1. Go through the range 1-24 and report how many residues are over 24 Å from residue 120 (Cβ atoms), crowded, with 18+ Cβ neighbours inside 10 Å and among the small types (Gly, Ala, Ser).
2. Scan the range 84-114 residue by residue and report those that are of a type outside the set (Lys, Arg), modelled with pLDDT of 80 or more and surrounded by 15 or more Cβ atoms within 10 Å (Cβ to Cβ).
3. I'm trying to understand the selection: among the residues of the range 102-117, which are part of a helix (DSSP H, G or I), within 13 Å of residue 92 (Cβ to Cβ) and not polar (S, T, N, Q)?
4. Checking the condition at pLDDT below 95 and of a type outside the set (D, E, K, R), which residue from 49, 59 passes?
5. I'd like the full set of residues that are without any contact (Cβ under 8 Å) to a residue 24 or more places away in the chain and either within 19 Å of residue 77 (Cβ to Cβ) or outside any helix (DSSP H, G or I) (or both), limited to the range 14-42.
6. Are any of the residues in the range 47-68 exposed (fewer than 15 other Cβ atoms within 10 Å of the Cβ) and hydroxyl-bearing (Ser, Thr, Tyr)?
7. In the range 64-82, is there at least one residue being touching a residue at least 40 places away in the same chain (Cβ under 8 Å), in contact with a Leu (Cβ under 9 Å, 6 or more places away or on another chain), part of a helix (DSSP H, G or I) and β-branched (Val, Ile, Thr)?
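The values are calculated or read from the model by the stated rules, or taken from the named source; none is laboratory data. Please read these numbers as outputs of a predicted model, since none were measured by experiment. Because the Cβ atoms are built from the backbone with ideal geometry, glycine has one as well, and the counts that use them run over all protein chains shown.
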Amino acid sequence: MKLTLYTDYALRMLIFLAVHDGRPATVSDVAKAYGLSRNHLLKVALNLGRLGYVRTVRGRSGGISLAVPPEDINLGKVLRAMEDGFALVECLGPGGGGCIISPACRLKGIVSKAIEAFLAVFDTHTLADLVGNSILLEELLEMPGKPARVA
């Protein structure tokens, strides 16, 4: 099973924003931290915004941030929303593919069960599970420390 780069980038962006702890970031910040294409990440950010996971604010003091708390972002839902489908074999694709043995083949059922099991694991986790080690993630992403809270 392999996720598309698009989904990988979406998960990385969500991790970055969760570790950023509500502070607005730019797509360029995320791109620089991971060494990824800003243009690719811009498309991902727009889609995450349309899905309601990310808040986007234009302007000089704008940026992107999580629109939902990390504990409310289910990874299985994110994967399903970002992937263009899970057609691991031709018969699972649009129209059932053109495989000659499809009417008698049992592979489709087995692969479907495997995909369900794969997604079931993600369904049991949230973004909060991915960022439980946020201090180390901040260091690895070379983020400046969180600003001191004013009492």
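1. Qualifying residue count for the region: 0.
2. Listed by number, the residues that qualify are 107, 111, 112.
3. Within the range 102-117, 107, 108, 109, 110, 111, 113, 114, 115, 116 meet the criteria.
4. Exactly one residue qualifies, and that residue is 59.
5. Result: 35, 37.
6. Looking for residues that are exposed (fewer than 15 other Cβ atoms within 10 Å of the Cβ) and hydroxyl-bearing (Ser, Thr, Tyr), one finds at least one in the range 47-68, hence yes.
7. yes
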